[in-house]
1. Farthest toward the dipole's positive end in the chain, which of F163, A294, W367, given Cβ charges of +1 (Lys, Arg) and -1 (Asp, Glu) about the Cα centre?
2. K309: which lysines have alpha carbons under 21 Å from its alpha carbon, excluding same-chain residues fewer than 8 sequence positions away?
3. So what's the net charge close to K272: Lys and Arg +1, Asp and Glu -1, counting the other residues with Cβ under 15 Å from its Cβ?
4. Go through N547, F588, A601 and say which Cα lies farthest out towards the positive end of the charge dipole of segment 510-640; charges sit on Cβ, +1 for Lys and Arg, -1 for Asp and Glu.
5. Using a 7 Å offset from the Cα along the Cα-to-Cβ direction at both V48 and A177, what is the distance between the two label points in nm, to one decimal?
6. May I ask you to list the aspartates and glutamates whose Cα is less than 20 Å away from that of K181, ignoring any residue fewer than eight positions away on the same chain?
7. Report, to one decimal in Å, the Kirkwood hydrodynamic radius for segment 194-328 based on all distinct Cα pairs.
8. On a full-extension model of 0.36 nm per residue, what is the gain between R229 and K76, subtracting their alpha-carbon distance, rounded to one decimal in nm?
Amino acid sequence: MHRRSPGLRAIAADLPQTLRLTLLGGLMVVGSALAARAQDDAKDDLIVSHGYSYYGDLKYPADFDHFDYVNPDAPKGGEIAFAQLGTFDSMNPYTIKGRAGALSWTMYESLLGDGPADAYGEEYGLLAESLEYPADKSWVIFHMRPEAKFSDGTPVTAEDVVFSHNLLLEQGLPSYAAAVKKRIPKAEVIDEHTVKFYFTDGISRRSLIDQVGGVPVWSKKWYEETGARLDESRLETSPGSGPYMIESVDVNNRIVYKRNPDYWGKDLPINKGRHNFDRIRVEYFADDAPAFEAFKAGEVTFRSEGDSKKWASNYNFPKVEKGQVIKADLPDGTPPTPTGFVFNLRRPLMQDKLIREALALGYNFEWTNESLQYGLFKQRASFTQDTPLMATGMPEGDELALLKGLGDIVPPEMLTEDARMPHTSDPERLTDRRNLRRAMKLLDDAGWPVGSDGKRYNAEGEPLRVVFLFNTASEGTLGAVVENYVANLKTMGVDVVLEKVDPSQYTLRERDFDYDMIYDSYASFLGAGTGLMQRFGSTDAAISTFNPAGLASPMVDAIIDKALFAETKHDEDTALRALDRALRYEFFMVPVWYNPSYWVAYYDEYEHPDPLPPLDLGYLDFWWFNADKAAKLKAEGALR
């Protein structure tokens, strides 16, 4: 399913779920050749279109038949089953309590559908058949499809759209509500199938039309009749309008979704060749060991592998050797997720950059990769790794001019030094003595000398204690990586408390920012949007769960503003390159590793487009089931 997760869908319409790297054109001017190619109609400063992109250069014309990469004749049927680690106690993905079940957001559609997996920053009408807006993007009107309906048969109307928008403001994440209220002062029902949103004057025009177009639409009637709240944990769900609906839920064990045979939108061009499985089954496991055994037994039929040890050494069982299970390394055109050991800057101790620098030196990527990860990973340096937006060397040209123009909030060394790169370490031994000496000196300089017991204390006699929060449901090798990192920190005299907690406790403490360090991630970016503020900005740093470090930097804020108000793609890219440089300079995360491709294993009953689109693996979206192959596997006893 090529869809944004609920949090992403709700807060950041600019997220790179599509990562087209080709440069987009300049700011759309009505009547220009560019606009004429992309938009359906433009009259008197009014743009009418079947889809939306900020610069107006949509890849697919209004009469497109299907996305280029899908198989429009893909057969429907079959089942795909994958494993999920941890637990769940809710089927409401918007709850602020409990843990929501996997894919529980998937039943709900929005005015604009997910962007195609071969074009970045574009979205096409789903519940809406068209939209219109002025060139200054001060408002937008969506014209909805009258045939759209929820799974209970009731129509999806403009009242439902405005109700959903307001429900998120009243009962959604506080950081989302605060940001949206400032930017979207009014939503209005024009008639049963027409809705209008107004945008605040004087703000960036980014993440407005696509933001409101991406809000999930719920049934107003259901919420009013049941009295349910959006922020409560519950298993009962409102009807959705999407291709899938719930078949069964077994708390902490299994969720089964089934394709809605009466799905109203199955023949839309945006949906052709997609949503091909009759059933999607999610099996829950406490950890990855039983999950892998379930895959070998055929209880689980698809596996996306993240554990290098398993990938290197465990996929040699007979079904793989017989070709009944396909092991594939598939290309991934998206930048890697910026993952690493995140410092919680809300804690006074972690606000000292000397301490962060010292703690980082305890991580030995080279040894970790060679000794624990079979040398299969690359070391990540950037938030836009391996893309044209990755900062390299010293700032030059327009990027340098942008940084200089920000004045004193940019440290002088940012202008004269290379973009920060990860330190290197000895691959032969876990503890790199050179790095250890550097780290010890940094801690001394920070006012934490070594005491007589080998541990570090400040002038008040307080120990240098760091709480590292770890989720026990995390995959096996990660546990070993963290334990070895912690061992190196202890060698420095740091009193590290590695707190391993179950998924429920982990979620609660993560939401409360109850940690000094955590293994976590941010979202990568290839475009400007107000979601950047929510992830990296100061305003919501204290409350945003999408900013686990609590980063609050005037320099970062100013660069994001430059990106949001950029009027050309060149200026936007320049600002984003500067942003990558600034985020790395602020150093709120120890970057770890990344895999430049998808590691997947699946029973030989599934097929996919070849080649795959660059921006999505799409196994729940545009892969399909081959009934003949499935029958053969069953006849051979490979599947039950």
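The values are calculated or read from the model by the stated rules, or taken from the named source; none is laboratory data. Remember, it's a predicted structure, so these values are computed and weren't measured experimentally. Cβ: placed from backbone, ideal geometry, glycine included. Neighbour counts: every protein chain shown. The accessibility values were calculated without ligands, DNA or RNA, using every heavy atom of the protein model including side chains. Shrake-Rupley method; radii C 1.70, N 1.55, O 1.52, S 1.80 Å.
1. Result: W367.
2. K296, K319, K327, K378
3. On the way: positive: K76, R259, K266, R274; negative: D63, D65, D68, D73, D114, D118, D267, D621.
In short, -4.
4. A601
5. Each label point is offset 7 Å from its Cα along the Cβ direction, giving 3.8 nm.
6. D14, D136, E159, D160, E170, D201, D210, D231, D540, D557, D561
7. Values: mean 1/r = 0.0514 Å⁻¹.
Taking every pair of different Cα atoms in segment 194-328, averaging 1/r and inverting gives 19.5 Å.
8. Working: separation 153, 0.36 × 153 = 55.08 nm, distance 3.53 nm.
Going from the current span to full extension adds 51.6 nm.
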